[in-house]
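First comes the structure, then the notes that go with it.
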Amino acid sequence: MNTLLEKIQQITGPNGVLRGADVADRSDSWPPMGGCQAGAIVRPSSTVQVSEILKLCHAAGQPVVTHGGLTGLVGGAKTGPGDIALSLERMNAMEAVDTVNRTVTVEAGVPLQKVHEAADEAGLLFPLDFGARGSAMVGGSIATNAGGNSVIRYGMMREQLLGIEAVLADGTVISSLKGVIKNNTGYDLKQLFIGSEGTLGVITRAVLRLRPQPRSQNTAFVAIDDFNQLAKFLKAMDAALGGTLSAFEVMWNDFYTLIIGDGEKHGKPLGTEHPFYVLLESTGGHEESDGLRFEGALQEAFEAELIADAVIAQSKQQRSDLWAVRDDIEAMVQGLFPPIAFDISLSIHQMDDYVREVRTHIQKRWPLAKMVVFGHLGDGNIHLGIGIGSMEAEDVHAVEHIVYEALGRRAGVISAEHGIGLEKRAYLSHSRSPEEIALMRTIKAALDPKNILNPGKILAETDQERK
Ligand SMILES: Cc1cc2nc3c(=O)[nH]c(=O)nc-3n(C[C@H](O)[C@H](O)[C@H](O)COP(=O)(O)OP(=O)(O)OC[C@H]3O[C@@H](n4cnc5c(N)ncnc54)[C@H](O)[C@@H]3O)c2cc1C
């Protein structure tokens with residue numbers, strides 16, 4: 001690797017290659033804890049440099065693991081001593097916002113928050129948003145097709161991406177940076193890289209779609225006594241708010257009571273006796289009429305006995321206090337420690353029954369176990385947090401088996417947002433047919449015939465990895 005790194009350093013300059021303690025002090029997973037094992041971290045500053053580096057690595061059969069903001073939650077950026085990590089951290093340039101076309105072209109190393117700020121300054125909105133916004137980069141969020149809190153209204157990263165530039169394993173630059181919404185000129189190549197988790201190419205630039213800045217924002221916290229009412233409430237609000245519903249976050253009672261605790265940190269927006277709580281939000285174009293419509297829709301739901309109680313945020317502060325309950329993942333981690341976390345999708349009408357089944361099996365095997373459920377119900381996506389007091393591989397495996405077996409029987413999806421990486425790899429076949437996995441392997445082999453890009457992520461290479 002030394003000779004190769006010397007050649008790479010000639011391309012990047014001396015600051016472009018980190019070795020030894022500079023590598024070990026860094027992390028390659030979240031939460032960051034140090035201990036990156038890569039042989040070196042290479043930090044190109046342009047697409048041309050990425051291309052030249054990959055040409056060399058391709059010729060040498062050198063494995064390359066691309067690093068973005070390292071906030072991914074499935075071990076997709078993990079490295080071993082034989083890997084070179086290719087970090088996009090020095091590729092963080094942004095072009096000016098195009099306010100007419102409502103687009104912005106950015107390098108892949110730009111953090112999401114910078115895109116939010118640039119859009120905001122231009123009077124526009126970049127709607128992809130989640131807790132890791134300050135660190136997660138555009139490239140990493142494309143490579144994981146990240147979602148977040150506004151998917152119900154604006155879709156996932158896939159829906160925000162108009163054009164892409166990526167470098168293939170052999171150094172070929174695929175530049176498809178068109179800023180148009182409609183483009184049916186043959187295969188839509190950008191789709192190959194969305195959600196590919198660094199296995200098909202290194203994303204270097206993107207054209208992102210921006211939206212009009214909403215002029216109104218209405219937020220409520222609602223209590224519901226029955227899952228059927230919850231599903232009806234979602235449908236009713238979606239219809240009554242005429243396409244302006246922008247968040248529908250559900251918390252099962254176990255999550256709400258764990259986060260609220262003694263009420264010291266977050267107060268108690270609503271009593272803790274209800275089985276379900278919803279944080280819902282609507283954004284629109286007219287402050288007064290949107291507010292009236294929001295209140296009216298909630299009133300109707302109340303009269304139809306879909307909701308048991310509700311509080312509407314009266315100020316920006318109240319809004320952020322309500323969101324703080326939903327976003328307090330730290331309190332959840334502490335309450336379950338050590339938590340085993342899941343990010344799954346299934347159809348809404350199966351959710352209640354599914355959660356009950358998983359809970360029954362978990363409690364039967366670990367009577368003291370804690371389990372909390374919450375998530376983006378409007379997108380059919382929920383998170384399960386399970387604490388059994390152990391992170392021994394055998395125990396984690398047993399929990400995973402319970403969660404995924406019940407999900408597989410309901411044709412659910414083992415990873416709604418976070419991807420497969422290393423951590424979900426053994427369970428890919430629960431959500432994908434042998435034919436689908438075979439086609440994934442065909443695509444991987446066509447784009448990366450020497451298997452140098454993030455080898456072993458998403459697709460297992462050995463029987464051992466399949467277990
Ligand atoms: C607190 C917190 C909250 C989160 N909330 C959400 C949420 O609500 N919704 C959601 O979907 N996700 C969420 N995530 C996870 C989310 O997937 C990641 O935060 C983010 O999308 C990954 O971006 P990153 O730059 O950190 O990528 P990394 O973690 O650096 O990399 C992730 C994967 O992408 C690959 N990759 C990175 N950059 C590139 C590139 N330029 N080209 C090719 N491959 C690349 C890596 O090899 C790796 O496989 C959350 C994470 C945290 C820590």
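Every number in this text was worked out from the coordinates using simple rules, so none of it is lab data. On a predicted model such as this, the values are computed, not experimentally measured, just so you know. Positions of Cβ are generated from backbone atoms using ideal geometry, with glycine treated the same way; all protein chains shown enter the neighbour counts.
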Could you list the GluC sites (Glu not before Pro) in the stretch 269-360 that lie in coil according to DSSP, counting only those with at most 12 other Cβ atoms within 10 Å of their Cβ? Glu273, Glu305
Net length gained if the chain between Ser46 and Ile312 were fully extended (0.36 nm per residue, minus Cα distance): 91.0 nm
Principal axis box of the stretch 353-425, alpha-carbon based, largest edge first, Å: 31, 28, 21
Given H placed on each backbone N at 1.01 Å, which residues far from Trp366 in sequence or on other chains put an amide H within less than 5 Å of it? none
Identify all lysines with a Cα-Cα distance to Lys114 below 29 Å; exclude those on the same chain that are fewer than 8 residues away in sequence. Lys78, Lys178, Lys182, Lys190, Lys316, Lys457
Spacing of the two label points (7 Å from each Cα toward its C-beta) at Thr99 and Glu300, in nm: 3.7 nm
Relative to the chain, whose Cα atoms define the longest principal axis, helix 316-327 and its Cα axis are tilted in degrees, nearest 10, by 70 degrees
Assertion target for Lys450, Lys364, ordered by fewest C-beta neighbours within 10 angstrom first, is Lys364, Lys450
Estimated [θ] at 222 nm from DSSP helical runs (n ≥ 4, -39500 (n - 2.57)) normalised by residues in the chain, nearest 500: -10500 deg cm²/dmol
Calculated FRET efficiency for the pair Lys364/Asn183, C-beta based, R₀ 41 Å, to 0.05: 0.20
Would you kindly calculate the translational diffusion coefficient of the stretch 242-399, applying Stokes-Einstein with the Kirkwood radius from alpha carbon pairs, for 20 °C and a viscosity of 1.002 mPa s, and quote it in µm² s⁻¹ without decimals? 125 µm²/s
Which of Met391, His430, Ile362 sits farthest toward the positive end of the charge dipole of the stretch 330-430, with +1 on the Cβ of Lys and Arg and -1 on the Cβ of Asp and Glu? Ile362
Residues whose modelled amide H sits under 5 Å from the amide H of Gly421, counting only those 5 or more places away in sequence or on another chain, are Ile458
Share, in percent, of DSSP beta bridges within the stretch 23-180 that are antiparallel, nearest 5: 50 percent
First measure r as the distance between the Cβ atoms of Leu292 and Asp170, then evaluate 1/(1 + (r/R0)^6) with R0 = 51 Å and state the FRET efficiency to the nearest 0.05. 0.30
Output wanted: per-residue J couplings in Hz (rounded whole) for the stretch 180-195, from phi through Karplus 6.51 cos²θ - 1.76 cosθ + 1.60, θ = phi - 60°, x for Gly and Pro. 10, 7, 9, 7, 9, 8, x, 4, 8, 5, 4, 4, 4, 8, 6, x
Along each of the three principal axes of the Cα atoms of the chain, give the extent in whole Å, ordering the values from largest to smallest. 72, 57, 43
Please report Ile152, Ile181 as a ranked list, fewest other C-beta atoms within 10 angstrom at the top and most at the bottom. Ile181, Ile152
Trypsin sites (Lys or Arg not before Pro) lying in DSSP loop within the stretch 219-287, provided at most 12 other Cβ fall within 10 Å: Lys265
Counting only residues 5 or more apart in sequence or on a different chain, those whose built amide H sits under 5 Å from that of Ser246 are Glu281, Ser282, Thr283
Taking every DSSP bridge whose two residues both lie in the chain, the antiparallel percent to the nearest 5 is 85 percent
So how tilted is helix 2-12 from the main axis of the chain? Cα-based, degrees 0 to 90, rounded to 10. 70 degrees
Ranking Arg432, Arg356 by Cβ neighbours within 10 Å, fewest first, what do you get? Arg356, Arg432
A chain fully extended from Asp22 to Ser135 at 0.36 nm per residue, minus the present Cα-Cα distance, gains in nm 38.7 nm
For the stretch 2-87, share of DSSP beta bridges that run antiparallel, in % to the nearest 5: 20 percent
Whole number please: convex hull volume per residue, Cα atoms of the stretch 33-104, in Å³. 128 Å³
Across the stretch 117-132, in residue order, what do the Karplus-derived ³J(HN,Hα) couplings come to in whole Hz, using 6.51 cos²θ - 1.76 cosθ + 1.60 with θ = phi - 60° and x for Gly and Pro? 5, 5, 5, 4, 4, 8, x, 10, 10, 9, x, 6, 8, 7, x, 8
